[in-house]
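Right, one structure below, let's go through it.
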Amino acid sequence: MAILVTGGAGYIGSHTVLTLLERGDDVVVLDNLSNASRESISRVEKLTGKTATFCEGDILDRACLRDLFAQHNISSVIHFAGLKAVGESTRMPLEYYQNNVTGTLVLLEEMRAAGVNQFIFSSSATVYGADAPVPYVETTPIGGTTSPYGTSKLMVEFILRDYAKANPQFKTIALRYFNPVGAHESGQIGEDPNGIPNNLLPYIAQVAIGRLEKLGIFGGDYPTKDGTGERDYIHVMDLAEGHLKALDHIASVEGYKAYNLGAGVGYSVLEMVKAFEKAAGREIPYQISPRRAGDLPAFWADASLADKELDWRVSRGVDQMMRDTWNWQSKNPNGYN
Ligand code: NAD
Ligand code: WQD
């Protein structure tokens with residue numbers, strides 16, 4: 001039996017495919033390469049000495065999914081495929097709902113037709129919305145999202161909850177990621193954003209390599225330890241391992257279950273800049289800029305449920321996140337290109 005990984009050529013997907021291959025799982029990757037390079041999977045294969053089946057295709061393409069399920073004996077699906085840029089989603093809401101919501105519906109329908117009943121979904125801390133108490137805990141009702149991106153994740157969680165209620169054979173885990181950063185320790189795979197990065201760590205890394213001039217820190221007057229935003233950063237390899245733990249656990253899930261995947265600690269933007277400077281041995285020029293619309297001051301995870309029920313916890317700290325980000329960026333100044 002094989003695991004289907006949609007969006008498996010992307011940032012989190014490629015690291016997860018690597019951990020799956022390393023432990024001996026059979027993997028089929030489906031990716032339309034809209035935000036990824038085929039090269040990521042070639043490198044994963046070189047690193048592991050194993051091969052994954054790669055299908056270039058779209059989750060919105062029903063015929064492609066039907067063929068894929070007919071050709072491979074799939075036991076479970078890990079669903080990373082989706083669009084993820086918060087700002088872009090406010091300008092292109094229809095594209096985001098089409099890709100993230102309709103795409104997931106088509107995938108679920110074709111899974112049902114093929115009799116595949118285990119589904120792990122890439123959700124996000126953003127589903128807690130703007131007013132949730134910090135730290136975020138799974139018992140807090142989700143809602144109040146502030147972008148079409150966030151609402152698309154919320155809608156899929158509701159769809160999964162309702163579908164699992166109606167179909168007792170269907171088992172699903174929504175993993176709510178906090179802020180994934182870092183790269184595989186080899187420096188061979190990592191995050192390779194198109195254009196100017198939206199997220200903090202890729203931006204800092206591109207300043208360090210000289211592709212960008214200086215970092216703008218969005219807001220220096222938040223009610224936080226040093227006035228800059230605080231987030232829960234999680235090493236992408238810890239996150240990848242969380243998917244393996246979720247796979248191991250899914251057969252015993254009744255219906256739908258959500259878990260936070262975070263470290264359970266908040267770091268400020270300035271703390272991240274200092275930690276990166278230490279790891280890379282170079283200064284990161286920055287200036288305090290106006291707040292970014294829609295940003296929250298501070299949030300982090302209560303990660304105790306995943307610890308207790310999935311036997312999962314982070315094992316990599318901020319220094320390693322920075323070391324691995326810099327290793328990837330300095331070995332691949334232009335990403336996979
Ligand atoms: P990514 O863009 O690197 O990976 C997504 C992959 O999906 C890409 O390889 C892209 O080519 C592919 N894809 C997009 N639409 C597709 C479609 N219609 N059919 C087939 N393939 C398609 O992003 P990532 O950071 O690896 O994120 C993976 C998932 O985790 C996404 O669903 C994202 O929303 C979610 N997530 C990411 C973060 C984060 O900060 N990176 C945080 C929380 C949740
Ligand atoms: C982190 C901190 C910024 C860039 C987003 C999505 C979330 C999830 C992860 C998918 C904040 C500050 C950033 C910069 C800065 N994605 N910052 N200058 O906004 O916490 O979360 O990505 O699900 O849903 O909303 O991540 O990396 O953009 O920002 O000062 O150039 O860094 O204000 O405090 P964010 P981020």
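The values are calculated or read from the model by the stated rules, or taken from the named source; none is laboratory data. This one's a predicted model, so the numbers in the text were calculated from it and none came from an experiment. Neighbour counts are summed over all protein chains in view; Cβ atoms, including those assigned to glycine, are modelled from backbone coordinates with ideal geometry. SASA here: full protein model, heavy atoms, side chains in, ligands and nucleic acids out. Shrake-Rupley method; radii C 1.70, N 1.55, O 1.52, S 1.80 Å.
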Cβ-Cβ under 6 Å pairs, at least 6 apart or on other chains, the stretch 182-208 side charged (D, E, K, R), far side within 15 Å of ligand 2 (Cβ to nearest atom): E191/Y11; E191/P202
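If only one of V318, V273 is open to solvent by less than 50 Å² (accessible area, probe 1.4 Å), among the β-branched types (V, I, T) and either within 11 Å of ligand 2 (Cβ to nearest atom) or within 27 Å of S147 (Cα to Cα) (or both), which one is it? Talk me through it step by step, then tell me what you get.
On the way: V318 fails: either within 11 Å of ligand 2 (Cβ to nearest atom) or within 27 Å of S147 (Cα to Cα) (or both).
Sole residue among the options that is open to solvent by less than 50 Å² (accessible area, probe 1.4 Å), among the β-branched types (V, I, T) and either within 11 Å of ligand 2 (Cβ to nearest atom) or within 27 Å of S147 (Cα to Cα) (or both): V273.
In this structure, is I288 open to solvent by 50 Å² or more (accessible area, probe 1.4 Å), within 14 Å of ligand 2 (Cβ to nearest atom) and over 19 Å from D232 (Cα atoms)?
Numbers: open to solvent by 50 Å² or more (accessible area, probe 1.4 Å): yes; within 14 Å of ligand 2 (Cβ to nearest atom): yes; over 19 Å from D232 (Cα atoms): yes.
In short, yes.
Of the residues that sit in the stretch 82-133 and are charged (D, E, K, R) and in a loop (DSSP other than H, G, I, E, B), which one is nearest to ligand 1 (Cβ to nearest atom)? So that I can check it myself, show each step before the final result.
We begin by selecting, within the stretch 82-133, every residue charged (D, E, K, R); these are 84, 88, 91, 95, 109-110, 112, 131.
Checking which are in a loop (DSSP other than H, G, I, E, B) leaves us with 84, 131.
Numbers: K84: 4, D131: 19 Å.
Within the stretch 82-133, the match that is nearest to ligand 1 (Cβ to nearest atom) is K84.
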Within the stretch 232-258, of all residues that are in contact with a Leu (Cβ under 9 Å, 6 or more places away or on another chain) and crowded, with 23+ Cβ neighbours inside 10 Å, the one farthest from L200 (Cα to Cα) is A246
Looking only at the stretch 204-215, how many residues end up being open to solvent by 20 Å² or more (accessible area, probe 1.4 Å) and either touching a strand residue (DSSP E or B) at 6+ places or on another chain (Cβ under 6 Å) or assigned to a loop (DSSP other than H, G, I, E, B) (or both)? 5
Assess whether I284 counts as being modelled with pLDDT of 95 or more, in a loop (DSSP other than H, G, I, E, B) and farther than 19 Å from R176 by Cβ. yes
Scan of the stretch 168-183 for residues that are open to solvent by less than 30 Å² (accessible area, probe 1.4 Å) and out of contact with any Leu (no Cβ under 8 Å at 6 or more places or on another chain), ordered by number: F170, I173, A183
As an exercise: evaluate N337 against (1) in a loop (DSSP other than H, G, I, E, B); (2) more than 16 Å from ligand 1 (Cβ to nearest atom) and give the number of the one condition it does not meet. (2)
Would you please name the residue that is nearest to ligand 2 (Cβ to nearest atom), looking only at residues in the stretch 143-162 that are open to solvent by 20 Å² or more (accessible area, probe 1.4 Å) and in contact (Cβ under 8 Å) with a residue 60 or more places away in the chain? Y149
